[in-house]
1. List E178, E262 from most exposed to least, where exposure is judged by having the fewest other Cβ atoms within 10 Å.
2. Percent relative contact order of the chain, based on C-alpha pairs within less than 8 angstrom and at least six residues apart?
3. Please go through the stretch 37-115 and write out the chymotrypsin sites (Phe, Trp or Tyr not before Pro) that DSSP classes as loop and that have at most 12 other C-beta atoms within 10 Å.
4. When a footprinting reagent is the concern and you count Cβ atoms within 10 Å, what order do T191, T62 take, fewest first?
5. For H207, H21, H65, H35, what ranking results if the residue with the fewest other Cβ atoms within 10 Å of its Cβ goes first?
6. Could you tell me the largest-minus-smallest coordinate of the C-alpha atoms of the chain on each of the three principal axes, in descending order and whole angstroms?
7. Taking loop as defined by DSSP and a crowding limit of 13 other beta carbons within 10 Å, which trypsin sites (Lys or Arg not before Pro) in the stretch 82-118 fit?
8. Can you show me the helix-derived [θ] at 222 nm for the chain, built from DSSP H runs with n ≥ 4 at -39,500 (n - 2.57) apiece and divided by the number of residues, rounded to the nearest 500.
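Here, each number is a calculation from the coordinates, and none is a lab measurement. All values reported here derive from a predicted model rather than from experimental measurement. When we count neighbours, we look across all protein chains shown, and the Cβ atoms used for this are built from the backbone with ideal geometry, even at glycine.
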Amino acid sequence: MIKLYGVAGDPIAHSMSPKMHNYWFELYGIEACYHPFLIKEENLRDAVKGFKAFGMNGFNVTVPHKVAIIPLLDGIDPLAKAIGAVNTVVNENGKLIGYNTDGPGFIKSLEKEISDLEQRKTLIIGAGGAARAIYFSMAERGVGEIDIFNRTAEKAEQLKKECPFDVKTKILEKEEAEKLLAEYDLIIQTTSIGMSPRIDESPISIHNLRKDAFVCDIIYNPLKTKILQEAEEKGAGIKNGVDMFVYQGALAFEKWTGIFPETDKMKEIINKQLGG
Ligand code: NAP
């Protein structure tokens, strides 16, 4: 029987997940189909019941359902529970179990460039859902020092307070983050600032960035945000959000099939799709 997978979100038409997963299913000769489901917030409960009733094998969850889905599931893995958000659901013998592959996907995306992640003094810009997944996953991985700057400082304080893993964290104001920037080996931009169409905006000035630092922006539209352009001009290493997107998908695919799929060709496909 053909296995069924999908992604639930609103909006969903723009999602590149169907292209990615259907490519991998074909590549590995797995008889399966991955479909985008436009699910309004008020229909999420019924949708999850339906997915379970017709034996869907697994699905991804995207904006705005990553938090709301948690009470509708039969179980949740500890990291996803700590993060407080689920992006991947696996049907394990009739029980829907939630996982979060966003944070682990981000970490995996850095493996080639950064071998000593634990030693890198890190600044996270932002304290939304993606920042939460990245901060908790990096803390779980053993990164010793991760400071946070967010427009709304209370949200950053809340992240720090709720992190169940051992990590040294200072919450910074914008001016402080800009002044102390030279202290950081790794800067991770997780806000929506700089995303198309507001491509001329940047969350902080990177005047004090060291040229041996590494700057990530998890946005992938545009492929090179203003902060990445400026970091590149200063000679720093840069990475956009394409690799994180591909790895969060690869880790979901592995949870569903036991196969960690090839990612290089997929990054190429996604980059091309985004005009790179
Ligand atoms: P979210 O939960 O809504 O968080 C948004 C963050 O952006 C918050 O820190 C918010 O600060 C900040 N922000 C928004 N508008 C701002 C403004 N005008 N000035 C200053 N700060 C502002 O969103 P999310 O789910 O974390 O997603 C954030 C970005 O990551 C999006 O661009 C999304 O596309 C991208 N993303 C990429 C991937 C990937 O796989 N590459 C995965 C997930 C998300 P406040 O707390 O002050 O509101």
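1. Placing the least packed residue first, the sequence is E262, E178.
2. Reported relative contact order: 14 percent.
3. Taking the stretch 37-115 and a limit of 12 other Cβ atoms within 10 Å, the loop chymotrypsin sites (Phe, Trp or Tyr not before Pro) found are F54.
4. Least crowded to most crowded, the residues run T62, T191.
5. Taking fewest neighbouring Cβ atoms as first place, the list is H207, H35, H65, H21.
6. Principal-axis extents of the chain (Cα, largest first): 58, 39, 34 Å.
7. The qualifying sites are K112.
8. -10500 deg cm²/dmol
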